[in-house]
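Novice: The structure follows.
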Amino acid sequence: MKHILALDQGTTSSRAIVFDHSGNAVASAQKEFRQIFPQPGWVEHDANEIWATQLHTAKDAVAKAGLSARDLAAIGITNQRETTLVWDRATGAPVHNAIVWQDRRTAAACDRLKARGLEPLIKRKTGLVVDAYFSGTKIAWLLRNVPGARAKAKAGELAFGTVDSWLVWNLTGGRVHTTDPSNASRTMLFNLKSGDWDDELLKIFGIPRSMLPQVASSSEVYGETRVFGSHAVPIAGIAGDQQAALFGQACTQPGMVKNTYGTGCFMLMNTGTKPIASRNNLLTTVAWRVGNRTEFALEGSIFIAGAVVQWLRDGLGIIQSSSEVEALAAQVVDPQGVYLVPAFAGLGAPHWDQYARGLVAGITRGTTAAHIARAALEGIAFQVGDVLHAMEADAKIKLKELRVDGGACANNLLMQFQSDLLGVPVVRPKVTETTALGAAYLAGLAVGYWKDQKQIAAQWQVDRRFQPAMKSAQRNQLVAGWRKALERSKRWEDSA
């Protein structure tokens, strides 16, 4: 039996998972890589380290599964989005470290775009708010700050890509420079209506079109790789991590919603073949393009979710490993009025405040590490609640259930609190590696490994369903406290 290899290139680690025809993970490998913080608010990755760790895990996972290149039907790629890489076309060498999606160095550049009155135009064309989160201002920063970069870019000697493009470039030995619409729609340079790069936006940002990858679909053969030996394996699926998770969760009908609890939290609602313009500060984004059919999603991005648990571990030292947070938080029945707003990198949807900063409020002499841990978990859930209410208002659809995935969805305490807070069932699937699974499904569809999306949807299975048990009076009281803490964290940086 042939298998599909999914490459899941995340913000803190590169992973590779081998899936069988039933959508079960057969083998996996994972390798963390360095997070580089040159200045407060700046976050970088070494592009060569991304490639090296991804290649290592790919070979490792295939070996663990006891397979060779001949046993792989296709490779699917999913990736941290918005992270920006620029490299030399001739040598393949990056001109600078990758600028990560969390990086805030271009916040002032975004303010200048807003001051020029360009936000409505950018939003209308791209479905995005003007924010340092997206790739456009990051590319412009590199062209301005890397010596000689602008001249080389004008001469057609530089290539830009999000992480998917960088991996395909390296997998194919520099023969293929491509991306898919789910990633392209996160750059602030992609026109949702035309489905291609927008010349007017490229001019605004000062980015030569020659730098950009070709936009293919999310499920087709882009090229092949021989990194596993002489036998060529087709690379056949690409989707940004959140859209891949939506596909992996079989949210293929309009109105279906998934939330991924990773480094950040990302909630997406499938809105079908029509992009819905958000009135509540959400993003309109491409979900995927399969064949000639493009489907769209509304998205709420929360910058810090699982990363708050890493901070409890690395920054405060109150836990030794991330898995200990649930037991610590469970030592108390509630945080006793303590709220933790994890705005370490500003606030994402629906607030979009790049000057907000993290805050712990309501501390008394009786506050313990357990209260802080519980408040940290609840802070993740409160942010998700804010996004969901904005989403329901935009789509005019009342949520029936929330499908969840990502590392922190294994935390039962968090999932139960999330259900209580939203007042709807929270459903965890048997396979929680839905990001990698979505990439595998897109690749498998392209090569006929799976027949169609119906066959894929039939494979989705429930592990556990969390039912809401909280009374509305208690819920309202908790939310009121959260709003108070949230207001105090806003616009912190520029009001100092």
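Novice: Taking the criterion of being within 27 Å of residue 128 (Cβ to Cβ), in contact with a strand residue (DSSP E or B) (Cβ under 9 Å, 6 or more places away or on another chain) and surrounded by fewer than 24 Cβ atoms within 10 Å (Cβ to Cβ), would at least one residue in the range 320-341 satisfy it? Show your work before the answer.
Specialist: The first filter runs over the range 320-341 and keeps only residues within 27 Å of residue 128 (Cβ to Cβ), leaving 341.
From what's left, in contact with a strand residue (DSSP E or B) (Cβ under 9 Å, 6 or more places away or on another chain): 341.
Checking the rest, the ones that are also surrounded by fewer than 24 Cβ atoms within 10 Å (Cβ to Cβ) come to none.
Taking every residue of the range 320-341 in turn, none turns out to be within 27 Å of residue 128 (Cβ to Cβ), in contact with a strand residue (DSSP E or B) (Cβ under 9 Å, 6 or more places away or on another chain) and surrounded by fewer than 24 Cβ atoms within 10 Å (Cβ to Cβ).
Novice: Okay, next question. I'd like the full set of residues that are hydroxyl-bearing (Ser, Thr, Tyr) and either out of contact with any strand residue (DSSP E or B) (no Cβ under 6 Å at 6 or more places or on another chain) or under 20 Å from residue 6 (Cβ atoms) (or both), limited to the range 158-196.
Specialist: Here is the first cut: in the range 158-196, the ones hydroxyl-bearing (Ser, Thr, Tyr) are 162, 165, 172, 178-179, 182, 185, 187, 194.
162, 165, 172, 178, 179, 182, 187, 194 - these are the residues of the range 158-196 that are hydroxyl-bearing (Ser, Thr, Tyr) and either out of contact with any strand residue (DSSP E or B) (no Cβ under 6 Å at 6 or more places or on another chain) or under 20 Å from residue 6 (Cβ atoms) (or both).
Novice: Counting only residues that are open to solvent by 10 Å² or more (accessible area, probe 1.4 Å) and touching a Gly at 6+ places or on another chain (Cβ under 8 Å), which one in the range 305-319 is nearest to residue 474 (Cα to Cα)? Full working, then the answer.
Specialist: Step one: filter the range 305-319 for residues open to solvent by 10 Å² or more (accessible area, probe 1.4 Å), giving 306-307, 309-311, 313-318.
From what is left, the residues that are touching a Gly at 6+ places or on another chain (Cβ under 8 Å) are 306-307.
Working: 306: 25, 307: 27 Å.
The qualifying residue nearest to residue 474 (Cα to Cα) is 306.
Novice: Can you report the number of residues in the range 331-345 which are among the hydrophobic types (A, V, I, L, M, F, W, C), touching a residue at least 12 places away in the same chain (Cβ under 8 Å), part of a loop (DSSP other than H, G, I, E, B) and more than 9 Å from residue 375 (Cα to Cα)? Walk me through how you get there before you give the answer.
Specialist: So in the range 331-345, the residues among the hydrophobic types (A, V, I, L, M, F, W, C) come out as 332-333, 338, 340-341, 343-345.
Filter once more, keeping what is touching a residue at least 12 places away in the same chain (Cβ under 8 Å): 332, 338, 340-341, 343-345.
When the remaining residues are screened for being part of a loop (DSSP other than H, G, I, E, B), the result is 332, 338, 343, 345.
The next check asks that each one be more than 9 Å from residue 375 (Cα to Cα); those that pass are 332, 343, 345.
Number satisfying all stated conditions: 3.
Novice: Name the pairs whose Cβ atoms lie under 8 Å apart, with the first residue in the range 1-27 and under 30 Å from residue 44 (Cβ atoms) and assigned to a loop (DSSP other than H, G, I, E, B), the second among the aliphatic types (A, V, I, L, M) and open to solvent by less than 10 Å² (accessible area, probe 1.4 Å), and 6 or more positions between them or separate chains?
Specialist: 11/100
Novice: Just to be sure, is residue 381 open to solvent by less than 10 Å² (accessible area, probe 1.4 Å) and within 30 Å of residue 184 (Cα to Cα)?
Specialist: Values: open to solvent by less than 10 Å² (accessible area, probe 1.4 Å): yes; within 30 Å of residue 184 (Cα to Cα): yes.
Answer is yes for this residue.
Novice: Taking the range 298-348, which residues are over 20 Å from residue 486 (Cα atoms) and among the β-branched types (Val, Ile, Thr)? Break it down into steps so the answer makes sense when it comes.
Specialist: Residues of the range 298-348 over 20 Å from residue 486 (Cα atoms): 298-299, 310, 313-333.
Passing the criteria: 318, 319, 325, 332, 333.
Novice: Is at least one residue of the range 253-267 of a type in the set (Phe, Trp, Tyr) and more than 29 Å from residue 433 (Cβ to Cβ)? Lay out the reasoning, then the answer.
Specialist: Within the range 253-267, the subset of a type in the set (Phe, Trp, Tyr) is 261, 266.
Those left that are additionally more than 29 Å from residue 433 (Cβ to Cβ): none.
Checked against the condition, which is being of a type in the set (Phe, Trp, Tyr) and more than 29 Å from residue 433 (Cβ to Cβ), the range 253-267 yields no hits at all.
Novice: Conditions first: (1) over 20 Å from residue 8 (Cβ atoms); (2) surrounded by 20 or more Cβ atoms within 10 Å (Cβ to Cβ). Residue 226 passes all but one, so which condition is the exception?
Specialist: It fails just one condition, (2).
Novice: Hey, any hits in the range 346-360 for a residue that's at positive phi and among the hydrophobic types (A, V, I, L, M, F, W, C)? Working first, answer last.
Specialist: Step one: of the range 346-360, the residues at positive phi are 346, 352.
Now restrict to residues that are among the hydrophobic types (A, V, I, L, M, F, W, C): 352.
Looking for residues that are at positive phi and among the hydrophobic types (A, V, I, L, M, F, W, C), one finds at least one in the range 346-360, hence yes.
Novice: Ok, one more. Keeping to the range 346-379, report how many residues are assigned to a loop (DSSP other than H, G, I, E, B) and of a type in the set (Asp, Glu). Before you say what the answer is, go through the steps one by one.
Specialist: Our first condition is that a residue be assigned to a loop (DSSP other than H, G, I, E, B); within the range 346-379, this holds for 348-352, 354-358, 362-368.
Checking which are of a type in the set (Asp, Glu) leaves us with none.
Residues that pass the stated criteria total 0.
Novice: What's the number of the only condition in (1) under 13 Å from residue 9 (Cβ atoms); (2) small (Gly, Ala, Ser); (3) open to solvent by 50 Å² or more (accessible area, probe 1.4 Å) that residue 66 fails to meet?
Specialist: If we test residue 66 against (1) under 13 Å from residue 9 (Cβ atoms); (2) small (Gly, Ala, Ser); (3) open to solvent by 50 Å² or more (accessible area, probe 1.4 Å), just (1) comes out false.
Novice: If the requirement is being surrounded by fewer than 18 Cβ atoms within 10 Å (Cβ to Cβ) and at pLDDT 95 or above, which of these qualifies: 199, 164? Working first, answer last.
Specialist: Values: 164 fails: surrounded by fewer than 18 Cβ atoms within 10 Å (Cβ to Cβ).
That would be 199, the only listed residue that is surrounded by fewer than 18 Cβ atoms within 10 Å (Cβ to Cβ) and at pLDDT 95 or above.
Novice: Among the residues of the range 2-19, how many are surrounded by fewer than 16 Cβ atoms within 10 Å (Cβ to Cβ) and either at positive phi or at pLDDT 95 or above (or both)?
Specialist: Residues flagged as surrounded by fewer than 16 Cβ atoms within 10 Å (Cβ to Cβ) and either at positive phi or at pLDDT 95 or above (or both) within the range 2-19 amount to 0.
Novice: So which residues in the range 30-45 are open to solvent by less than 40 Å² (accessible area, probe 1.4 Å) and either touching a residue at least 24 places away in the same chain (Cβ under 8 Å) or of a type in the set (Ser, Thr, Tyr) (or both)?
Specialist: Residues of the range 30-45 that are open to solvent by less than 40 Å² (accessible area, probe 1.4 Å), as a first pass: 33, 36, 41, 43-45.
Within the range 30-45, 36, 41, 43, 44, 45 qualify.
Novice: Hey, does the range 352-365 have a residue that's modelled with pLDDT of 90 or more, open to solvent by 30 Å² or more (accessible area, probe 1.4 Å), of a type in the set (Gly, Ala, Ser) and under 30 Å from residue 112 (Cα atoms)?
Specialist: To start, the set of residues in the range 352-365 that are modelled with pLDDT of 90 or more comprises 356-365.
Checking the rest, the ones that are also open to solvent by 30 Å² or more (accessible area, probe 1.4 Å) come to 357-360, 362-365.
From what's left, of a type in the set (Gly, Ala, Ser): 358, 362.
Restricting the remaining residues to those that are under 30 Å from residue 112 (Cα atoms) gives 358.
Scanning the range 352-365 turns up at least one residue that is modelled with pLDDT of 90 or more, open to solvent by 30 Å² or more (accessible area, probe 1.4 Å), of a type in the set (Gly, Ala, Ser) and under 30 Å from residue 112 (Cα atoms).
Novice: List the helices (runs of 4 or more DSSP H) that sit entirely inside the range 380-496 and contain at least 2 residues that are of a type in the set (Gly, Ala, Ser) and free of Cβ contacts under 8 Å to residues at least 60 places away in the same chain.
Specialist: Details: elements: 412-422, 434-446, 453-457, 472-489.
So the answer is 472-489.
Novice: Only one residue in 153, 244, 239 is more than 26 Å from the chain's Cα centre (by Cα), modelled with pLDDT of 95 or more and either over 30 Å from residue 403 (Cα atoms) or open to solvent by less than 10 Å² (accessible area, probe 1.4 Å) (or both), so which one is that?
Specialist: Numbers: 244 fails: more than 26 Å from the chain's Cα centre (by Cα); 239 fails: more than 26 Å from the chain's Cα centre (by Cα).
None of the others qualify; the one that does is 153.
Rundown of residues vs (1) over 21 Å from residue 138 (Cβ atoms); (2) open to solvent by 30 Å² or more (accessible area, probe 1.4 Å), yes/no style:
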{"position": "203", "(1), (2)": "no, yes"}
{"position": "207", "(1), (2)": "no, no"}
{"position": "221", "(1), (2)": "yes, yes"}
{"position": "235", "(1), (2)": "yes, no"}
{"position": "269", "(1), (2)": "yes, no"}
{"position": "285", "(1), (2)": "no, no"}
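Novice: If you don't mind, another one. List pairs: first in the range 69-93 and farther than 11 Å from residue 164 by Cβ and at pLDDT 95 or above, second part of a helix (DSSP H, G or I) and aromatic (Phe, Trp, Tyr), Cβ under 9 Å, 6+ apart or cross-chain?
Specialist: 84/141; 87/166; 87/169; 92/169
Novice: For the range 262-300, what are the residues that are touching a residue at least 40 places away in the same chain (Cβ under 8 Å) and basic (Lys, Arg)?
Specialist: Residues satisfying the conditions are 279, 289.
Novice: Based on this model, can you work out whether residue 147 counts as crowded, with 21+ Cβ neighbours inside 10 Å and on the phi < 0 side of the Ramachandran plot?
Specialist: Numbers: crowded, with 21+ Cβ neighbours inside 10 Å: no; on the phi < 0 side of the Ramachandran plot: yes.
So residue 147 fails the test.
Novice: Which one of 111, 103 is farther than 22 Å from residue 238 by Cβ, in contact with a Phe, Trp or Tyr (Cβ under 9 Å, 6 or more places away or on another chain) and modelled with pLDDT under 95?
Specialist: Working: 111 fails: in contact with a Phe, Trp or Tyr (Cβ under 9 Å, 6 or more places away or on another chain).
Matching residue, one of 111, 103: 103.
The values are calculated or read from the model by the stated rules, or taken from the named source; none is laboratory data. Note that the structure is a prediction, hence the values are computed from the model and not measured. Methodologically, a virtual Cβ is constructed for each residue, glycine included, from the backbone with ideal geometry; neighbour enumeration extends over all protein chains shown. Side chains are part of the model used for accessible areas, which takes the heavy atoms of the whole protein and leaves out ligands, DNA and RNA. Shrake-Rupley method; radii C 1.70, N 1.55, O 1.52, S 1.80 Å.
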